[in-house]
Amino acid sequence: MLGLALSLASLIYLLIKNRKNTSDTFVSKSIKIIIEVTFFILFVGSLLILHVNTDRPSIYFIIIALSSGFLALSILSVQTRIEISLQIVKIFLVSFNLKYSLFLSYWGVGVDYWGHLLDNYNLTQYGFIEVLSGKEVYFPLMHIQVAVNQIITGSPIKDATNFGIIIPLVCSSVCVFLIAQRLLNVKIGLLALLLVNISDFHIMWGSSPQTTTFGIVLFFFLIYTIIIASLTTTHRMLWSMLSLIILVSISLNHAISSFITFFTILGLLIGSIIYNFIFNNERHYIPPIIFFFLFSIILIHHWDIALYHGLEGEVSFFEKILSGFQFDLTEYAGFLNRPETIPEYITALPPFLERVAETIGLTILIGFSVIGGLFWLSNNYKNKLTFSILISSVIILFVTFAFPMMGIRNIMPTRWFAFIYFFLSILAAFAIIILLMKTTNHCFRIIGCFLLIFILTFFMTANTISNLDSPLWLKESSISTTYTYQEGIGAESITRISNRVMSDTRYFSLVSRTNYQAEAITFQEEQQLGNTPDTVFMWRNYMLNRPIMHFQRIENYDRRIKGTKILGIEFFKDLEKYNKIYMNDGITGYYLQ
């Protein structure tokens with residue numbers, strides 16, 4: 001799909017690059033009112049759907065996509081500051097709707113989320129960062145942020161997480177608007193703000209708040225301060241010092257976030273150096289070279305101090321990263337060293353159309369970003385800052401896609417997208433506006449804009465990255481990490497009354513992080529039912545027709561892969577032979593004798 005996006009984007013650019021721009025006025029004032037009223041009707045409708053349903057049905061995603069489509073039409077028609085402010089508020093409403101529909105409607109979402117939630121709780125109870133688990137002692141900033149909010153508000157730890165992480169995440173996205181407005185214009189800024197807030201990974205990290213989420217918050221503010229420092233002629237030193245403070249904060253918050261930040265800043269610096277070498281002889285760099293070296297020293301020094309507790313004992317985090325990369329490079333690296341190239345694995349893949357649907361949103365976003373990037377390379381839009389942003393985006397996307405293609409996965413590529421969406425949303429918004437302005441037919445511009453944002457929003461919000469609870473496709477191969485209130489209460493209740501519990505691998509991340517000290521083991525095969533006495537097996541109704549994680553080995557591949565397995569009705573019938581010691585809507589505890 002990535003190759004298709006690049007090819008189509010290049011073709012579209014060649015077809016339209018020489019067309020003249022038309023007026024940027026899209027709808028009349030009377031139509032504006034109808035569009036605004038329609039948006040709020042749809043928005044209220046989405047809330048009613050959430051209220052009357054225990055999950056998020058298909059109609060919810062359709063209504064959210066329709067809301068975004070009408071919101072895009074409103075954005076393209078803004079003229080006054082009041083209208084601009086109204087569109088920002090509406091974008092925030094849609095963003096909170098998407099994130100709270102998971103965060104507030106369920107017990108919790110995610111895998112690592114539960115460990116961070118327990119760390120946050122322990123920090124509020126004891127007040128010392130030494131109670132944090134593992135390497136989190138050396139990356140405590142997010143936990144301190146949540147703990148401070150809990151102490152100030154006196155709210156439960158989940159609400160404090162919302163105040164300290166989710167709300168700042170949505171608010172930090174305004175940096176995308178401010179940069180796009182400064183570089184281009186208000187409409188592109190508002191559209192970029194909409195794109196980043198309806199993007200899949202932004203929704204995922206917003207509904208599962210943790211250190212990565214807070215890293216995104218700091219990253220957005222950092223990019224804003226760096227770019228403003230390069231554009232302003234006054235208070236440049238103040239903005240640069242603020243950038244340095246945020247860099248230190250990122251280093252103390254999350255290792256992967258600081259690693260992504262390092263490559264982003266490196267890309268901006270390389271872009272400005274290349275631009276200076278080719279187009280002018282200036283010695284002004286984005287950011288200043290000394291700035292990059294200071295961050296490198298801070299990062300390496302902190303990673304060298306931070307200890308990682310692994311099977312080989314305590315080693316510095318820096319050593320752990322280097323040894324892991326070296327191992328992958330020497331043992332696993334190879335062109336297309338991926339399980340998808342093994343025939344045995346290919347035959348078990350989900351249907352092709354479902355896999356295509358999963359990537360349509362990202363494909364559209366990257367495709368329009370490519371069109372925007374090609375326009376930015378033209379003489380009309382090319383400058384040092386836009387060129388640097390392009391180079392940085394290319395470097396981040398190269399690392400994200402090329403490393404896994406070579407069999408190197410310890411960089412955690414799926415965590416990079418939420419960061420690169422800062423730049424991609426601006427590029428894509430610019431391309432969309434340019435395409436619409438080069439379209440002479442007025443009705444076609446309105447319909448085209450609405451359909452494009454509708455399709456992009458639907459596939460971004462409904463794919464399994466942001467929608468594991470009620471997937472519209474890949475249902476039999478996507479393992480949900482969204483747990484109901486019954487499943488959350490069940491985990492706490494069963495671990496309180498039992499000495500040993502057994503659960504599937506993903507649910508184990510919740511079960512093992514309760515406040516009770518029951519021994520928790522993971523379920524992998526049916527034989528464990530007869531070989532693990534005096535254990536409570538935690539059955540969820542989810543397991544009847546949805547998959548759990550199942551590790552497996554395939555021939556001609558050098559490591560275990562994460563597969564899926566549906567236990568189904570036959571397994572449930574076998575469980576019924578055992579005594580039930582706990583029952584709650586959707587979860588049952590069976591005592592294995």
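On a 20 Å Cα-Cα criterion, which of the cross-link pairs Lys99/Lys562; Lys17/Lys382; Lys32/Lys90 come out too long? In this structure, Lys99/Lys562 lie more than 20 Å apart at Cα. Between Met583 and Thr153, the FRET efficiency from the beta-carbon distance, with R0 = 41 Å, is close to 0.70. For the pair Ile34 and Val89 in one chain, pulling the backbone fully straight at 0.36 nm per residue adds 18.0 nm over the alpha carbon distance.
Roughly what angle does helix 236-253 make with the longest principal axis of the chain, taking Cα atoms, 0 to 90 degrees, to the nearest 10? Helix 236-253 sits roughly 20 degrees off the main axis of the chain.
Considering every alpha-carbon pair of region 19-133, the percent of pairs per 5 Å bin, from zero through the bin containing the longest distance, is 2, 10, 16, 15, 12, 11, 10, 8, 7, 5, 3, 2, 0.
Each principal axis of region 111-265 carries a Cα extent, and these read 48, 32, 29 Å when sorted largest first.
Could you do me a favour and compute the accessible area per residue for the chain, 1.4 Å probe, result in Å²? Heavy-atom SASA per residue in the chain reads 44 Å².
Sorted on the mean count of surrounding Cβ atoms within 10 Å across their residues, most packed first, peptides 74-80, 511-517, 215-221 read 215-221, 74-80, 511-517. The per residue volume of the convex hull around the alpha-carbon atoms of region 93-135 is 98 Å³. Counted by Cβ distance under 12 Å from Tyr507, the other residues give a net charge of +2, where Lys and Arg count +1 and Asp and Glu count -1.
Database remark: amide H of Thr564 closer than 5 angstrom to the amide H of His550 (H placed geometrically; neighbours at sequence offset of 5 or more, or on other chains; Pro and chain starts carry no H).
Working note: Karplus 6.51/-1.76/1.60 with θ = phi - 60° gives region 70-77 the couplings 5, 5, 5, 5, 5, 4, 6, 10 Hz, where Gly and Pro are set to x. Between Leu575, Asn97, Ser503, the Cα set farthest toward the positive side of the dipole of the chain (charges on each charged residue's Cβ, about the Cα centre) is that of Asn97. Each of the peptides 423-430, 574-581, 502-509, 35-42 was scored by the mean count of other Cβ atoms within 10 Å over its residues; in descending order, highest first, they stand as 423-430, 502-509, 35-42, 574-581. Think of the chain as a dipole: +1 on every Lys or Arg Cβ, -1 on every Asp or Glu Cβ, centred on the Cα centre; then among Val109, Leu47, Trp303, Leu47 lies furthest on the positive end. Each Cα pair under 8 Å and six or more residues apart adds its separation to the average, and for region 1-121 the resulting relative contact order is 24 percent. One chain, two ends: Ile59 and Lys562. Fully extended at 0.36 nm per residue, the span grows by 177.9 nm beyond their Cα-Cα distance.
Computed from the Cα positions only, the extents of region 400-543 along the three principal axes stand at 74, 35, 28 Å, in decreasing order.
Given a cut-off of 14 Å, what percent of all Cα-Cα pairs of region 226-296 lie beyond it? Looking at region 226-296, the distances longer than 14 Å represent 61 percent of pairs. For Val111 and Thr233, what is the calculated FRET efficiency with R₀ set at 56 Å and r taken between the beta-carbons, to the nearest 0.05? My answer for the efficiency is 0.75. Axis angle, to the nearest 10 degrees, between helix 255-279 and the longest C-alpha principal axis of the chain: 20 degrees.
For the pair Arg496 and Glu525, label points projected 7 Å from Cα toward Cβ lie 3.6 nm apart. Let me know the shape class of region 367-459, please: from the alpha-carbon gyration tensor, a ≥ b ≥ c as square roots of the eigenvalues, rounded when a/c is under 1.5, otherwise prolate if a/b is greater than b/c, or oblate. Note, shape of region 367-459 comes out oblate. The equivalent ellipsoid that matches the C-alpha gyration tensor of region 469-593 spans semi-axes of 23, 17, 15 angstrom, in descending order. Overall, the chain carries a charge dipole of about 2160 debye about its Cα centre when +1 sits on the Cβ of Lys and Arg and -1 on the Cβ of Asp and Glu, all other atoms neutral. Across all Cα pairs in region 70-173, the calculated P(r) in 5 Å bins from zero up to the longest distance comes to 2, 11, 19, 18, 15, 11, 8, 7, 5, 3, 1 percent per bin. The packing ranking, built from the mean of other Cβ atoms within 10 Å per residue, places the peptides 391-397, 47-53, 28-34 in the order 391-397, 47-53, 28-34, highest first. Relative to the longest principal axis of the Cα atoms of the chain, the long axis of helix 417-437 lies at roughly 40 degrees. Only helices enter this figure: runs of n ≥ 4 DSSP H residues, each worth -39500 (n - 2.57), summed and divided by the residues of the chain, yield -20000 deg cm²/dmol at 222 nm to the nearest 500. Per residue, the average separation of C-alpha pairs within less than 8 Å and at least 6 apart gives region 476-591 a relative contact order of 28 percent. Here is the size of the chain from its Cα atoms: Rg then Dmax, 24.9, 80 Å.
The values are calculated or read from the model by the stated rules, or taken from the named source; none is laboratory data. For clarity, every value in this text was computed on a predicted model and none was experimentally measured. So basically every Cβ, Gly included, is an ideal-geometry build from the backbone, and we count neighbours across all protein chains shown. For the accessible areas, the whole protein counts, side chains as well, though only heavy atoms, and no ligand, DNA or RNA atoms are used. Shrake-Rupley method; radii C 1.70, N 1.55, O 1.52, S 1.80 Å.
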